Every structure is written in C-alpha cells, then in structure tokens.
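The values are calculated or read from the model by the stated rules, or taken from the named source; none is laboratory data. This is a predicted model, so every value here is computed, not measured. Heads up, the Cβs are rebuilt from the backbone with ideal geometry, glycines too, and the neighbour counts pull from every protein chain shown. Side chains included, ligands, DNA and RNA excluded: accessible areas come from the protein's heavy atoms. Shrake-Rupley method; radii C 1.70, N 1.55, O 1.52, S 1.80 Å.
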Amino acid sequence: MTFHDFHFNQKLQDGLDAMGYEKPTPIQQEAIPQILAKRDLVACAQTGTGKTAAYLLPILHNIIHSDHRHLNTLVIAPTRELVQQIDQQVEGLAYFTGVSSIPIYGGGDGAVWDQQKKALEAGVDLMIATPGRLIAQLASGVIDLKYVQHLVLDEADRMLDMGFYDDILRIIKYLPSTRQTLLFSATMPPRIRALANKILRDPAEINIAISKPADGIVQEAYLVNDDQKEKLITHLLKGSAFSSALIFASTKEKVKHLGRLLPKLGLPSKAIHSDLEQNEREEILREFKNKQLNLLIGTDVLSRGIDVEGIELVLNYDVPPDPEDYIHRIGRTARAASTGHAITFVNQLDQRRFGQIEKLIGTAISKTDLPYGFHPSFAYNPDGKMKPEKPHHHHKAGNKKRFFRKRPGSN
Ligand code: AMP
C-alpha cells in the first residue's frame with residue numbers, strides 16, 4: 001500500500017512526496033481511514049510510529065476541502081518541544097496546501113504572544129498548544145474555539161502525568177460538542193480510559209503493539225553503584241569519537257548536577273530542563289541538532305518526541321522509573337534503521353526495575369563488567385532479594401571491545 005491509495009488532495013500528496021514519505025506506517029494505515037470517516041479514535045501508539053502524520057494527514061485533507069474561515073483544528077500536546085515538532089510536520093506536509101498553523105506554548109516573552117495574536121487575528125486553520133499556555137490565553141478572549149471540528153490529544157498519558165487533567169477538561173468546555181476527537185497515548189492506564197469515556201463518542205480503537213527497540217540498537221548495562229558512576233561515565237565517554245550522544249537521568253536535579261559536573265570532568269555538554277528559559281532550551285536543541293553540541297543531558301520529558309537524526313549513543317545514568325520510558329529513551333538512537341548504542345547504569349536499588357524492563361522487551365540485556373581499576377560492584381539479582389555483596393572477577397582492561405573508535409591521538 002502507498003499513500004496514493006488514500007486519494008489525498010493532490011497538494012497534500014505533493015507535501016508527502018517532498019517529505020519523502022512513500023508507505024504509510026501501521027498506525028497510519030489503520031488510523032487514516034477511521035479519521036477520514038469522521039470517527040472518534042483512541043489510539044495506543046508511541047513516538048516513532050508515525051502517529052503525528054497519522055492524524056495530521058486526514059485532518060489537513062479535511063481542512064483543504066472545507067471553507068477556510070475559522071480555526072478548524074486544535075492539537076494539544078504535553079511539551080513545547082513536542083508542540084514545535086508537530087508544527088514542523090504541519091509545515092512540511094501542508095507546504096503546498098495553503099493551510100496555516102500556529103504553535104502556542106509557554107515561556108516566550110510578550111513579543112511572541114503579540115506575534116501569535118496577529119497570526120490568530122489573520123486567521124489560522126490549525127493550532128498546536130500546550131494545555132497550560134492555552135488555558136492562560138483562552139482567558140484573553142483572542143482565541144475562539146467555537147468552530148473547532150477536530151480535537152487531538154497527543155501523548156495523553158504524559159499530559160495526565162504532568163497534571164493537566166483539569167486543564168484539558170476546561171479547554172474542552174470551550175469547544176463545540178459536535179466535533180471529532182482523537183486521543184493518542186503511548187500507554188492505556190485506566191485514567192486514560194476514563195478520560196476517553198468522558199470526551200469521546202463511540203470511538204474506534206487502534207492498538208499498535210509496543211514498539212520493541214529497533215534491531216540496530218546494541219544494548220548493554222553496567223552494574224555500578226552511585227559512587228562510581230561519575231568515574232565510569234568519564235571512562236566511557238572521554239576520548240570517544242561520537243558526534244551525538246544523549247544522557248538521561250530521571251530527575252531534574254540529577255540533570256542539572258550532571259550539567260555542571262561533566263564539563264568539569266572534560267566532557268563538553270549541556271543540560272536541558274524546565275528551569276531554563278524557552279529560548280535557552282531552543283538554542284541548546286538547535287546546537288544539538290546541528291552537532292555543534294555533541295552531548296546533551298535531559299530527563300524523560302526529553303525522551304518523548306525528540307527527533308534528532310544520527311544520535312549514536314544513549315546513556316541512561318539511572319534506570320528510568322517507567323519501563324516504557326526505557327524504550328523511549330533508547331529509541332532516540334538508531335532512528336530510521338541506522339544503528340546505535342544504549343548503555344544503562346544499574347545500581348543495586350534499580351535492579352528490580354531493570355528486570356521489569358528486560359521482561360517488557362523480552363530479552364536479557366548483557367551486563368558488561370566494570371573496567372579494570374573499578375571496585376567490583378554486585379551480582380545481578382533483579383528479583384529483589386538482596387544478597388550480601390559478592391565480589392566477582394572482572395576482565396582485564398582491553399578485553400572488552402570498546403564502544404567507540406578512539407579519536408586519533410587520544411588514549
Ligand atoms: P512520530 O511517531 O509521529 O513522532 O514520527 C516519527 C518519525 O517518522 C518522524 O520523523 C516522521 O517525520 C517520520 N515519519 C512518519 N511517517 C512516515 C512515513 N510514512 N514514512 C517515512 N517517515 C515517516
């Protein structure tokens with residue numbers, strides 16, 4: 001099957017051609033006909049499955065064929081990074097169509113809002129917004145949602161995790177009750193089901209099985225206690241020839257700490273977190289995308305949706321709290337069928353959660369011995385019962401293949 005089988009408006013097909021999309025992904029194959037048929041939809045699918053285009057394409061097709069006078073579609077997404085990435089996909093896909101969109105997210109200064117206000121007054125078809133910012137601006141009365149025909153909730157589970165449940169319900173009160181509602185979520189906990197029951201009408205349901213990590217990702221773990229993690233990260237990264245690597249930590253505090261520490265240890269890097277101004281975050285992401293910045297540190301919020309090509313390494317400084325976040329994190333590497341590496345530091349307390357990750361992905365991840373010169377740590381025991389520490393032998397340095405080619409001249 002190709003996109004031609006959907007018989008999209010030719011200008012939209014031109015956008016697809018320009019973006020180089022030929023074959024619809026599974027979620028696109030299943031969702032597009034339902035959305036074109038005007039059904040409500042609950043779709044369980046993650047970033048990386050092509051879910052964004054799955055809802056954008058039929059909506060854009062619909063907008064082209066409707067009269068252009070009102071704000072037609074509202075997409076709500078959890079973070080400004082995701083809002084921006086959705087907006088970029090609209091720009092690409094809608095390039096030849098004359099359909100316009102506007103991203104609405106917090107953190108900008110007054111000038112940004114003035115600009116957005118002008119755009120709104122000129123008339124836009126599609127708005128992509130974070131819930132908090134949208135709520136704040138709805139009060140101003142400039143945004144009129146009365147004529148919205150399509151509402152999309154993207155990464156609904158993440159929005160609920162971030163505490164946006166009430167904001168979402170408040171936003172929905174501004175929308176007409178006769179509308180099409182599409183809910184996308186990586187997971188389907190009962191809270192999401194309850195939300196769906198509340199705001200959708202007889203939805204079609206699509207479930208794209210959890211995406212296993214791509215085959216091209218080499219995964220390994222180090223059993224290492226916290227007091228040796230800094231030494232280990234320096235050992236692994238220093239002098240390695242990578243142009244793009246991501247380090248994940250599970251809290252903002254740890255991310256900030258690493259952002260201060262790693263440059264001092266000789267690893268040029270930057271941390272991205274919610275305490276930075278929006279323009280600072282954008283600048284860091286830009287530097288990372290164009291490879292001026294080779295090492296970026298962030299939390300799981302960054303793992304959702306960051307779409308940067310050519311990331312060679314993902315290093316988990318700790319085990320993510322939610323096993324599915326592991327898949328999100330390491331999925332930032334080896335995108336588009338290239339190859340990548342994922343390394344996870346597992347301390348004694350995190351073993352049990354790491355075991356759950358191994359269950360979820362259905363394979364044991366190989367444990368690499370600590371290099372020569374490190375204190376031996378502990379024997380892997382994911383079932384939880386702590387055994388007394390048992391020293392185990394490690395190989396001599398150089399026995400294990402190093403991950404990266406060394407830079408010429410380094411040792
Ligand atoms: P998403 O899951 O929406 O974040 O999409 C993941 C990536 O796949 C994005 O970089 C999209 O541009 C890309 N993509 C989406 N659909 C297709 C397709 N049918 N063919 C090729 N690339 C696609």
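Here region 217-367 is treated with +1 on each Lys and Arg Cβ and -1 on each Asp and Glu Cβ, and its dipole about the Cα centre works out to around 280 debye. Scaled against the 2.2 N^0.38 Å expected of a compact globular protein of N residues, the Cα radius of gyration of region 112-168 reads 1.20. Average accessible surface for region 217-367: 39 Å² per residue, computed with a 1.4 Å probe over protein heavy atoms with every protein chain in place. Computed over the alpha carbons of region 1-95, Rg followed by Dmax gives 12.8, 34 Å. The share of accessible area on the chain that comes from carbon and sulfur is 51 percent, using a 1.4 angstrom probe.
Mean projection of the Cα convex hull over all viewing directions, computed for region 217-367: 8.4 nm². Maximal additional length on extending the GLU280-LYS117 stretch stands at 56.4 nm, based on 0.36 nm per residue less the C-alpha distance.
For the chain, take the longest principal axis of its alpha carbons; what is the angle in degrees between that and the long axis of helix 51-64, to the nearest 10 within 0 to 90? Once rounded, the angle reads 20 degrees.
Largest mean-square fluctuation among ASP350, ASP154, ASP144, in a Gaussian network model of the chain whose springs join Cα atoms under 10 Å apart, belongs to ASP144. Magnitude of the charge dipole for region 3-207, about its Cα centre and with charges confined to Cβ atoms of Lys, Arg (+1) and Asp, Glu (-1), is about 580 debye. Compactness of region 3-207 was expressed as the Cα radius of gyration divided by 2.2 N^0.38 Å, which yields 0.95. The amide H of ILE102, built 1.01 Å from its N in the peptide plane, has LEU126, MET127, ILE128 as neighbours under 5 Å, considering only residues 5 or more places off or on other chains. Of the Cα atoms belonging to the chain, the radius of gyration and Dmax stand at 22.9, 72 Å.
Remark: region 24-35, residue by residue, has Karplus-estimated 3J(HN,Hα) of x, 6, x, 5, 5, 4, 7, 7, 4, x, 5, 5 Hz, where x stands for each Gly or Pro and the curve is 6.51 cos²θ - 1.76 cosθ + 1.60 at θ = phi - 60°.
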